[in-house]
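The values are calculated or read from the model by the stated rules, or taken from the named source; none is laboratory data. Since this is a predicted model, take the numbers as computed values, not measurements. Don't worry about glycine lacking a Cβ; one is built from the backbone with ideal geometry, like all the others, and counts go over all protein chains shown.
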Amino acid sequence: MTELQIGSLILVCTTLVLFSGVPIAFGLTVVSIAFLYVFDGPGSLSAVPRTFLDEISGFALLAVPMFVLLGSLIGSSRAGADIYEALHRWLARVPGGLVIANIGACGLFSALSGSSPATAAAIGKVGVPEMLKRGCPAGLATGAIAAGGTLGILIPPSVTMILYGVATETSIGRLFVAGVVPGVLLVAIFCAYAWAATAFAERNVTQPRDHYTLKEKIRASGTVMPLFAIIALIILALYGGYATPSEIAALAAMLAFLYVALVYRIVNRDNLWPIFGNAVRESCMILLIIAASGLFSYMMSLLYVTQTMADLLVGWNLNRWVMLLVVNVFLLVAGCFLPPVALILMTMPILQPVLEANDFDMIWFGVLMTINLEIGLITPPVGLNLYILRNVAPQVPLMTVLWGSVPFVLIMMGFMVLLCFFPGIALWLPNQMFGP
Amino acid sequence: MRAVIALIDRLSISCAVVASVLLASAVVIVCYMVVIRTLGYSSYWEIEASIYMVVAATFLASPYTLMTRGHVSVDFLPWMMGRRGARAIQAVIAAVGIVICLYMAWLGWHLTLEAIASDERSTSMWRPVKWPLYVMMPIGLGLTALQYLAEIFRSASDEAPAKAPLPRMEAIPEPVPGRNPPGRSETERRMPAR
Amino acid sequence: QTLKISHQWKAQTDARDRAVRVFVEEVGKQAPDLKFRIFPGRSLIQNPVAQFDSLQNNSLEMAIYPLVYAVGKVPEFSITIMPGLISNLDEAVKLKNSPYHQRLQEIAHANGVHIVTWWWTPGGFASKNREIQGPDTVSGLKMRAADPYFETVLQAAGASVQSMPSTEIYSALQTGVLDGVMTSAESFVSMRIYEQTSNATVGGDNILFMLLQPLIMSKQAWDNLTPDQQKAFEEAATVSEKFFNGLQLEADAEMRKAFEEAGADVRPLTDAEFEAWVDLARETAWKKFETEVPNGKELIGLVETSLQNAQ
Ligand code: NA
Ligand code: NA
């Protein structure tokens, strides 16, 4: 069998197995082991347990369970309700105000964590139930957070961009700066969409919106103030050189615990168990999926499927822009199955020479590719952020989560086109800061 | 039968409690590291210790995650098959789950034995032995297989699945009176709980 | 039969990747029935350290692998980075086929791998605000060394030693979590460390950081080769070594250029500074190696006598 045929078979089998209702983590493991066994022989199975374990024994992934714990601390205590009550009172006049606040929070968290699943889990845990409680359409609520969460790998710092920088020998500093404007613009466009979608849904409503006096607004904000102190402390720790992005997660979780313990007096076992029980449950789900997709990536690389396809389209000798389109479609499809980092490591050695020969700027392409890979995080069958949302908001049906993310996927694709026509969106700021 | 299910459930919950303690300890250790580094001291064991703890917590929480339907899946096929078909598919899925968990546990167990025999250590200044990291995989996935068995029993005896402790999210959130979102139909507002 | 070669560096530009392609081509001339497939830049195994496990269980045939990565399994391999033991590329090259090389090969065989090539690379310090000279100049700095023996030396010199994964180094230097790092000269370029540091202490004839990062092979795969194929491998290794050592000069110049363009000062260690570092290493790292590793004393002695005989 040729690599292309194997690749198609993997595509079909993975989709079937994952849609059958097997837990994602176990389904990916089954597919990986089966293909390794059939196409590379039993010898390759000896690498399976280490590959699986290696994927989750890295320091960068420590941030995931810790941010999940943070979300659980805020979300399972009354803190979350209070925060959203305060936000609601301030934003009640704006259509979709709460969704906008959530997207903003995703942007802020992305800037701090560098991790997309961590962002989606922490904000989603608190945000989705509160948005639903206040009548926000379920699809919009989950879509906004799933998509907002993906910004974690675009807005600096970002481990994905560091690996892209190392893999392509482009300046990581420039890449980081190049991600800022597109990241902020995407946040703004997401917010605009949330506003428009809500305004459209409420177009026939004559009933007046809730109104709160300034006094009511301030009263609701009282208990939330310490939270802003926590955020300020975290920003100080990160940019003041006291802690790396992965360590920030632990500091944030610790501060949130102190906040919840002191302000809400959550110290006994009955109150702590739901918080910690949920945190380990959710991080287990996320980390096992990450471990399994590591195994899946190993299988794909060993069978040389991704590389052969990249090689193939590089060999077509297409016109510059057609080639860029084909490369992006390829990455989009591959991104449905493979995590961002694995895809960068597998394809960049092959794609980079051709992109450079066609005179594409590698910093610009890094931003374009990151947005492309973000889309993969919210598309099935392997869309990590979707499943995180599915888990933190079990009351929302999966189909609603899926459809809810479609508008955001379209926005990101549109933004990629925009980025092709106006490379300055990404390159202007780094050129200003470092010179061309 | 019921007693067996209860016993397995209790075992899984105990593991999740241990996992919680490990996760909390990892948070404390990383915070401690940041503090002592700021004070100018060296750090050499903290990162690895917290990684060991988080990996252990991940595997130990797996049976509990299964018990509370926390391992997410895309239920297209069961959804298309209707009620009776879905039940048959659930049984097949559980069987696949047991097989893959046991197989991975077996691989993990061999890895552990290998690491003990060769005294495999981490490459840091601290040089901790590796087997305590590896052994969590057979323990966690082995217990997950056991929990799958309990789930099969549970479904056979028509019991409701266990629920995660979700204090504020268990129920469909009721719109707060007076603050009802205008303009949406009753069905849209009331989300079916799975 | 296809042999897989895995490594962690960038394809086409990194010296190790280019040298392995030379090796593959040379083997191809004599043993055309052997096919190779190179997986560069961690594209097969994401964690570079784990390549060793795959070699041991023969699920991977070959890798370019700094032997120190495997000290968790083979503590003796620390000898291939021991601070100040081998003080420049010339010395390292002369050790090929020495009793030290042969003993190292025996140890590798006992652990399921075969050392194919003899590729050494130099390294050094990069730091943010302070130029690093003798051991007294790292006092109070937050440093990362990645190797326990270098960490021992740095700690003895008064640095506050930090452990963190290599992916965090860039951000850590940027925000000030780290003041300086010790690593191989090529990593200064490939990990863009020169963007975040203003001083580099590398180059010259006094090199504290010499690292063996050869092409190695699963012992099982090696034994499966015919004697003719093995001979082809050995001859190709010699050709690749010549090529690789030539590239080192190029890499040194490239690193210098990168640092200087970024406005950083580049200097070598002076004889006096180097002596002070080696004295400190002898008292700390070497001693630790001799007492903690079963064959430690023998290995250090072998390197020293091999170096004397090579003069
Ligand atoms: Na980020
Ligand atoms: Na996807």
Test: residue in segment A:3-24 that is at pLDDT below 90, within 30 Å of A:Pro245 (Cα to Cα), surrounded by 23 or more Cβ atoms within 10 Å (Cβ to Cβ) and within 14 Å of chain B (Cβ to nearest Cβ): no
Single residue of A:Ala167, A:Ala121, A:Ala144 found to be away from ligand 1 (no atom under 16 Å from the Cβ) and under 16 Å from the mean Cα position of the chain (by Cα): A:Ala144
Selected residue [in a helix (DSSP H, G or I), in contact with a Phe, Trp or Tyr (Cβ under 8 Å, 6 or more places away or on another chain), of a type outside the set (S, T, N, Q) and more than 9 Å from chain A (Cβ to nearest Cβ)] from B:Ile116, B:Ile51, B:Ile36, B:Ile47: B:Ile116
Subset tally (residues that are within 11 Å of chain C (Cβ to nearest Cβ) and buried (at least 17 other Cβ atoms within 10 Å of the Cβ)) for segment A:225-242: 4
Residue match in segment A:404-413 (condition: within 14 Å of chain C (Cβ to nearest Cβ) and not hydroxyl-bearing (Ser, Thr, Tyr)): no
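Here's the yes/no breakdown for (1) more than 14 Å from chain B (Cβ to nearest Cβ); (2) away from ligand 2 (no atom under 16 Å from the Cβ):
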residue: A:Ala101; (1), (2): yes, yes
residue: A:Leu108; (1), (2): yes, yes
residue: A:Gly114; (1), (2): yes, yes
residue: A:Ala121; (1), (2): no, yes
residue: A:Gly124; (1), (2): no, yes
residue: A:Gly152; (1), (2): yes, no
residue: A:Pro156; (1), (2): yes, yes
Pair list, Cβ < 6 Å and 6+ apart or interchain, from segment A:139-157 residues that are touching a residue at least 24 places away in the same chain (Cβ under 8 Å) and of a type in the set (Val, Ile, Thr) to residues that are part of a loop (DSSP other than H, G, I, E, B) and within 16 Å of ligand 2 (Cβ to nearest atom): A:Thr150/A:Leu377
Selection from segment A:141-150 of residues that are under 21 Å from A:Ala426 (Cβ atoms) and away from ligand 2 (no atom under 16 Å from the Cβ): A:Gly148
All helices (runs of 4 or more DSSP H) inside segment C:1-120 with 2 or more residues being within 13 Å of another protein chain (Cβ to nearest Cβ): C:15-30, C:51-56
So B:Met125, is it within 9 Å of another protein chain (Cβ to nearest Cβ) and either over 18 Å from the mean Cα position of the chain (by Cα) or part of a loop (DSSP other than H, G, I, E, B) (or both): yes
Selection from segment C:96-149 of residues that are on the phi > 0 side of the Ramachandran plot and over 15 Å from the mean Cα position of the chain (by Cα): C:Asn97, C:Gly112, C:Gly140
Hits in segment A:251-285 (condition: surrounded by fewer than 20 Cβ atoms within 10 Å (Cβ to Cβ) and among the small types (Gly, Ala, Ser)): A:Ala261
So A:Ala111, is it away from ligand 1 (no atom under 11 Å from the Cβ) and of a type outside the set (Asp, Glu): no
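Yes or no: A:Phe276 away from chain C (no Cβ under 13 Å), at pLDDT 90 or above and over 20 Å from A:Leu377 (Cα atoms)? Show your work before the answer.
Working: away from chain C (no Cβ under 13 Å): yes; at pLDDT 90 or above: yes; over 20 Å from A:Leu377 (Cα atoms): yes.
The answer is yes for A:Phe276.
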Scope segment C:153-175; condition within 22 Å of the chain's Cα centre (by Cα) and facing another protein chain (nearest Cβ under 7 Å); matching residues: C:Gln155, C:Val161, C:Gln162, C:Ser163, C:Met164, C:Pro165, C:Thr167, C:Glu168, C:Tyr170
Meets criteria (free of Cβ contacts under 8 Å to residues at least 24 places away in the same chain and within 10 Å of chain A (Cβ to nearest Cβ)) for B:Asp75: yes
Neighbours by Cβ (under 7 Å, 6+ apart or cross-chain): first from segment B:1-22, surrounded by fewer than 15 Cβ atoms within 10 Å (Cβ to Cβ) and of a type outside the set (D, E, K, R); second at pLDDT below 95 and assigned to a helix (DSSP H, G or I): B:Met1/B:Phe153; B:Val4/B:Phe153
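Each row is one residue, and each column tells you yes or no for (1) away from ligand 2 (no atom under 11 Å from the Cβ); (2) modelled with pLDDT under 95.
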{"site": "A:Phe365", "(1), (2)": "yes, no"}
{"site": "A:Ile378", "(1), (2)": "no, yes"}
{"site": "A:Leu386", "(1), (2)": "no, yes"}
{"site": "A:Pro394", "(1), (2)": "yes, yes"}
{"site": "A:Phe408", "(1), (2)": "yes, no"}
Any hit, segment A:288-304, residues being at pLDDT 90 or above, within 16 Å of ligand 1 (Cβ to nearest atom) and out of contact with any Asp or Glu (no Cβ under 9 Å at 6 or more places or on another chain): no
Qualifying residue in segment C:192-207 (condition: farther than 21 Å from A:Ser158 by Cα, acidic (Asp, Glu) and part of a loop (DSSP other than H, G, I, E, B)): yes
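Within 9 Å of another protein chain (Cβ to nearest Cβ), assigned to a helix (DSSP H, G or I) and farther than 23 Å from A:Ala81 by Cβ - does that describe any residue in segment A:174-186?
Yes.
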So A:Val305, is it crowded, with 19+ Cβ neighbours inside 10 Å and within 14 Å of chain C (Cβ to nearest Cβ): yes
Enumeration of residues in segment A:334-352 that are without any contact (Cβ under 8 Å) to a residue 60 or more places away in the chain and over 12 Å from A:Ala310 (Cα atoms): A:Gly335, A:Cys336, A:Leu338, A:Pro339, A:Ala342
Which numbered condition C:Glu106 fails, given (1) in contact (Cβ under 8 Å) with a residue 60 or more places away in the chain; (2) surrounded by fewer than 19 Cβ atoms within 10 Å (Cβ to Cβ): (1)
Filter result (out of contact with any Asp or Glu (no Cβ under 9 Å at 6 or more places or on another chain) and more than 7 Å from every other protein chain (Cβ to nearest Cβ)) within segment A:53-78: A:Glu55, A:Val64, A:Phe67, A:Leu70, A:Leu73, A:Ile74, A:Ser77, A:Arg78
Filter result (under 20 Å from B:Thr144 (Cβ atoms) and crowded, with 17+ Cβ neighbours inside 10 Å) within segment B:103-122: B:Tyr103, B:Met104, B:Ala105, B:Leu107, B:Gly108, B:Trp109, B:Leu111, B:Thr112
From the options A:Val382, A:Val329, A:Val333, residue that is away from chain C (no Cβ under 14 Å), within 30 Å of A:Ser32 (Cα to Cα), modelled with pLDDT of 90 or more and within 13 Å of ligand 2 (Cβ to nearest atom): A:Val333
Residue match in segment A:341-351 (condition: more than 14 Å from chain C (Cβ to nearest Cβ), within 16 Å of ligand 2 (Cβ to nearest atom), within 19 Å of the chain's Cα centre (by Cα) and closer than 19 Å to A:Ile155 by Cβ): no
